[in-house]
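The block underneath contains the structure these notes are about, expressed in structure tokens.
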Amino acid sequence: MKNSQSIKKLVLLFVLIACSLLVISYSILVNIFFEKGLVLAVQHRLELESNFYAAAYEKDKGTRLPDAANFKTFQDYEGLPAEIKEKVGPDFPAGEFDIVHSVKNENEFHFIYSWKRSDGKVLYFVYSLGDADKSELILSTLHGIAYYTIATGLILFLGIILVALLIIRRITKLVMRLTDWAVNLNNDNVEKTIGDFQYKELNQLAVLFQRNMRRQLAGIQREQKFLRNASHELRTPVAVLQSNLDWLNRLGADEEEKFKRPLSSMEKAVNNMKELITTLLWINKKDIDSMPKHEIKVDDQLQNIIDENSYLLANKKVQVKMELPPQVVSAPETLARIVWSNIIRNSFQHTYQGEINISLLEGMLTVTNDLIPDAAESISEGFGLGLMLIQDLTDSLGWHLTVNERSTSYSVRLQMD
């Protein structure tokens, strides 16, 4: 998300580039058309001169060749100026038109038009333009046209930019309105009629948001219903187990050596089931703010939880290393214990050999355990349920849960600050 682009800036940049290219292209085209128009005008004049001369020549064979200040007619190729002959060869066909740039003066041009007279002789009409032919009136007119062209281009450029900005601003407002509507969409207003966002695409997005919200709310309702039903359904068999354990203890079964170990394991399993049921109920309730907070000695609670779940390591080659300096945290005690119990119980349950390291340093609880490489995938999947159940609780408590999974180890970090 850090490198995300702005559609507004992208569209504006596109419009700027497009307008700039448009203005530059039209400026180049204006210059090309001006030069082409000048050439066509001169060519047309030379053709007219040849037509007038042809008509006069038919009436009078002694008609003089057209001649003016910058217009001359040559009866043969040899009479042409040297710089023209360098460009135009003696085989220059009749009826052709060409432009010759002066070598001596870069501002001087010669327009040559060859024409065959009725007696078969080829004449060369040459129209020359140079510094001496400049006209202040024409230059002033050309400058005016240039200024007009530039001004018109700038006005069009600014006009297009202004229109683009207005359109972008309008669409941005509608998108922000759609965003606010989508953010505030909840269970209370999801069924209300969608407002008109004026554009077909935005209305389609609004419908899509509404449908997604409906699906999410339906999923949440199914999840809450499942949690309620599961927690209540589990209470009955757990209560039966607890009653039977209490009855066996009253009969003195816990005093017989051969029953002590299985009864202790059953008692701890029942307690774990009670904590699981409590977890499900609190996840479904999600009313953390109403619970009173207490100053909890984290190290003492963790030690008790470790002792209660030590039966899960029976007959396993697992060594537990602890670093639990005294530390106090302010939180709802029941929920905090649920979170800590789930983390430690998951670690004990899914570790079959190696080490389990439990450390409590500066508000950070870290539980790291070794995994068997061949069974890493199945073990990793087993961690999912317990951690999934406490993820909502840690978020509600303002704590941060981080899981780091590797091929040979599994680490859970709980930041409680």
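The values are calculated or read from the model by the stated rules, or taken from the named source; none is laboratory data. On a predicted model such as this, the values are computed, not experimentally measured, just so you know. Please note: Cβ atoms are built from the backbone with ideal geometry, for glycine as well, and neighbour counts cover all protein chains shown.
Yes or no: Thr193 assigned to a helix (DSSP H, G or I) and modelled with pLDDT under 85?
The answer is no for Thr193.
Of the conditions (1) within 30 Å of Arg117 (Cα to Cα); (2) in contact (Cβ under 8 Å) with a residue 24 or more places away in the chain; (3) among the hydroxyl-bearing types (Ser, Thr, Tyr), Ser27 fails just one. Which one is it?
All conditions are met except number (1).
Just to be sure, is Leu245 assigned to a helix (DSSP H, G or I), without any contact (Cβ under 8 Å) to a residue 60 or more places away in the chain and more than 14 Å from Ile277 (Cβ to Cβ)?
yes
For the subset of the range 54-79 comprising residues that are farther than 16 Å from Lys116 by Cα and hydrophobic (A, V, I, L, M, F, W, C), which member is surrounded by the most Cβ atoms within 10 Å (Cβ to Cβ)?
Ranking the qualifying residues of the range 54-79, first place goes to Phe71.
Which members of the range 230-260 meet the condition of being exposed (fewer than 12 other Cβ atoms within 10 Å of the Cβ), under 60 Å from the mean Cα position of the chain (by Cα) and not small (Gly, Ala, Ser)?
Selection gives Glu233, Thr236, Pro237, Val240.
Condition (residue is at pLDDT below 85, more than 44 Å from the chain's Cα centre (by Cα) and over 30 Å from Thr63 (Cα atoms)) applied to the range 145-161: is it met by at least one residue?
yes
For every residue, the table says whether it meets (1) of a type in the set (Ser, Thr, Tyr); (2) closer than 30 Å to Cys19 by Cβ.
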residue	(1), (2)
Asp60	no, no
Asn70	no, no
Phe74	no, no
Tyr77	yes, no
His101	no, no
Arg117	no, no
Gly144	no, yes
Thr149	yes, yes
Thr152	yes, yes
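Among the residues of the range 136-159, are any small (Gly, Ala, Ser), within 30 Å of Glu49 (Cα to Cα), assigned to a loop (DSSP other than H, G, I, E, B) and out of contact with any Lys or Arg (no Cβ under 8 Å at 6 or more places or on another chain)?
Scanning the range 136-159 turns up no residue that is small (Gly, Ala, Ser), within 30 Å of Glu49 (Cα to Cα), assigned to a loop (DSSP other than H, G, I, E, B) and out of contact with any Lys or Arg (no Cβ under 8 Å at 6 or more places or on another chain).
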